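Chemist: I'd like to ask some things about the structure below.
The values are calculated or read from the model by the stated rules, or taken from the named source; none is laboratory data. Worth saying up front: this structure is predicted, and the values here are computed from it rather than measured. In this analysis, Cβ positions are derived from the backbone assuming ideal geometry, glycine residues included, and neighbour counts consider all displayed protein chains. For the accessible areas, the whole protein counts, side chains as well, though only heavy atoms, and no ligand, DNA or RNA atoms are used. Shrake-Rupley method; radii C 1.70, N 1.55, O 1.52, S 1.80 Å.
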Amino acid sequence: MNKSVEERLQQEMKKEQELPQSVRIAFDQSYEQIRQLSKKKTKTAWFKPVAAAVATIVLASGIMLTNDTVLAKLQTFFSLKDPGIDLASDYGDVQYVAQSQQSEDITITLEHFFVDAYRLAIQLNIESDHIQMDDLHDMNVEYRLYNIEGQEIDALVSDTKPIAGRGIFTGAQFKLENVKKHTATLEMLTVSNRVAVPSLDGAKLVIETIHFLNKDGSIISVDGKWAFDLTSPTVETQVFVGGNIVPGLELQQAALTNGSMQISYKVDQQIENENDIFKTALVNDNGESFYANSANVEYLEEEQQTIISLVFPYSIWNEQQTLSLAVKGYEKLRLVEKE
C-alpha cells in the first residue's frame, strides 16, 4: 500500500503537529531504546550526530567475494567509507548476494552483505517509479531479521509496530548513492554494542517498508514484503585484555573481529556529557585514532559507576595490532592479545 506523508503521519505516527523540515529530512523515524529501567541500573543508547545526508535511526525494539566478476562492484561498496569494513572486504569478508524480490511494483536487490561479531551492513539496489533524480533527497527502510528457526531476533521498525525480543542492532546509518531515473543504491550500516551477533546462517532479512524522502520535505512510504535468505560467513575473533592498570577505569571486554572492535569498560563516575563518550578513541601503533558512532551506556546507581560499550571501525586483518584505549580524563589503557 502506498501512503503519502500526510496519511502516514496521521494514521501511524498519531502526531498532532507537523515536524520541521530539517528534522524530517534527517528522518522523522527516530526512536529511543530504553529498556526495563530499574532502581539500580539504567541503560541507554547514545548516538553520535551524523551528516544530514545520512539518516540515523534508533531502534524501537531494538559478506564474501567469490570471484573476480564482482570486484568492480565492491570498489564502490559501502560509500560510508568505514576503515574496518574496507579492510575486511580486501580479505573476502563481503558476500556478493544479488538476490532480487518484487513487491508493490518495487524491485529490491540485495547486492552485498557484511556481518561480523558486532556489525551488519547491506547494500540494496532499489527500482521504483518513486525515485526521481531531481526530487529524491534520501531513502531508508524498515526491516525484520529472523534466525533459521523463524524467530525474530532484530527489528528496525516504526514504534507503532509490534516487535519481538530484545533486538541486537542500534544506530543504523543509511547512505543514498547512484540516484538515477527510477533506480538508486541504498547502503545501511548498523552496530551491536552490547552483545555478539549470533550466526545468521539460514537467517532471513525481510524489508517491510520503504521511505522515500523528497527534497521538499515530503515522505512517501510503501509497505510490502521483500524477503532475502542469508548465509553466515566465517567470523574471526581475537580477545584482548588490559596491559596496564589505569586508576578509575576497568576493562570489561575487548574483542577484535573481521571489521569491528567491541570494547566495554567501566569508570568510577557518572557520564553526563555524551560528547565525552565519543571522544574515546582506539589508537594503533601508527598513532591513528578510530572512533565509535554509537554507545551503550549503563549507569550503576549504587556503585556510582558507568559501563560504556563501544564498537570501533577496526579490522582483525590490520597489521597494526598494538592497540590502546584513550578515554578522556584517564591514562591510556594498553590492549594486549589474550593468549
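Chemist: Please specify each residue of the range 270-293 satisfying the condition of being farther than 22 Å from Val241 by Cα and not hydrophobic (A, V, I, L, M, F, W, C).
Modeler: Of everything in the range 270-293, those that are farther than 22 Å from Val241 by Cα and not hydrophobic (A, V, I, L, M, F, W, C) turn out to be Gln270, Glu272, Asn273, Glu274, Asn275, Asp276, Asn293.
Chemist: Please enumerate the residues belonging to the range 227-248 that are under 20 Å from the mean Cα position of the chain (by Cα) and assigned to a strand (DSSP E or B).
Modeler: If the condition is that a residue be under 20 Å from the mean Cα position of the chain (by Cα) and assigned to a strand (DSSP E or B), then Ala227, Phe228, Asp229, Thr237 are the ones that fit.
Chemist: In this structure, does Ser158 turn out to be small (Gly, Ala, Ser), open to solvent by 10 Å² or more (accessible area, probe 1.4 Å) and modelled with pLDDT under 95?
Modeler: no
Chemist: Out of everything in the range 93-107 that is over 22 Å from Ile168 (Cβ atoms) and within 22 Å of the chain's Cα centre (by Cα), what residue ends up being most open to solvent (accessible area, probe 1.4 Å)?
Modeler: Taking the candidates together, the pick is Tyr96.
Chemist: Here's a follow-up. Quick test for you: out of Gln320, Gln238, Gln253, Gln262, pick the one residue that is within 22 Å of Ile85 (Cβ to Cβ) and open to solvent by less than 30 Å² (accessible area, probe 1.4 Å).
Modeler: Being within 22 Å of Ile85 (Cβ to Cβ) and open to solvent by less than 30 Å² (accessible area, probe 1.4 Å) holds for just one of Gln320, Gln238, Gln253, Gln262, which is Gln262.
Chemist: May I ask you to verify whether Ala184 is open to solvent by less than 10 Å² (accessible area, probe 1.4 Å) and modelled with pLDDT of 95 or more?
Modeler: Spelling it out, Ala184 is indeed open to solvent by less than 10 Å² (accessible area, probe 1.4 Å) and modelled with pLDDT of 95 or more.
Chemist: Going by the conditions given, is Gln173 more than 21 Å from Lys204 (Cβ to Cβ), touching a strand residue (DSSP E or B) at 6+ places or on another chain (Cβ under 6 Å) and not aliphatic (A, V, I, L, M)?
Modeler: So Gln173 fits the description; yes.
Chemist: Which one of these is open to solvent by less than 10 Å² (accessible area, probe 1.4 Å), over 25 Å from Thr107 (Cα atoms) and either part of a loop (DSSP other than H, G, I, E, B) or in contact with a helix residue (DSSP H, G or I) (Cβ under 9 Å, 6 or more places away or on another chain) (or both): Asn193, Asn140?
Modeler: Result: Asn193 is the single residue among Asn193, Asn140 that is open to solvent by less than 10 Å² (accessible area, probe 1.4 Å), over 25 Å from Thr107 (Cα atoms) and either part of a loop (DSSP other than H, G, I, E, B) or in contact with a helix residue (DSSP H, G or I) (Cβ under 9 Å, 6 or more places away or on another chain) (or both).
Chemist: Then there is this: Of all the residues that make up the range 267-312, how many are more than 20 Å from Lys81 (Cα to Cα) and either aromatic (Phe, Trp, Tyr) or open to solvent by 50 Å² or more (accessible area, probe 1.4 Å) (or both)?
Modeler: 13
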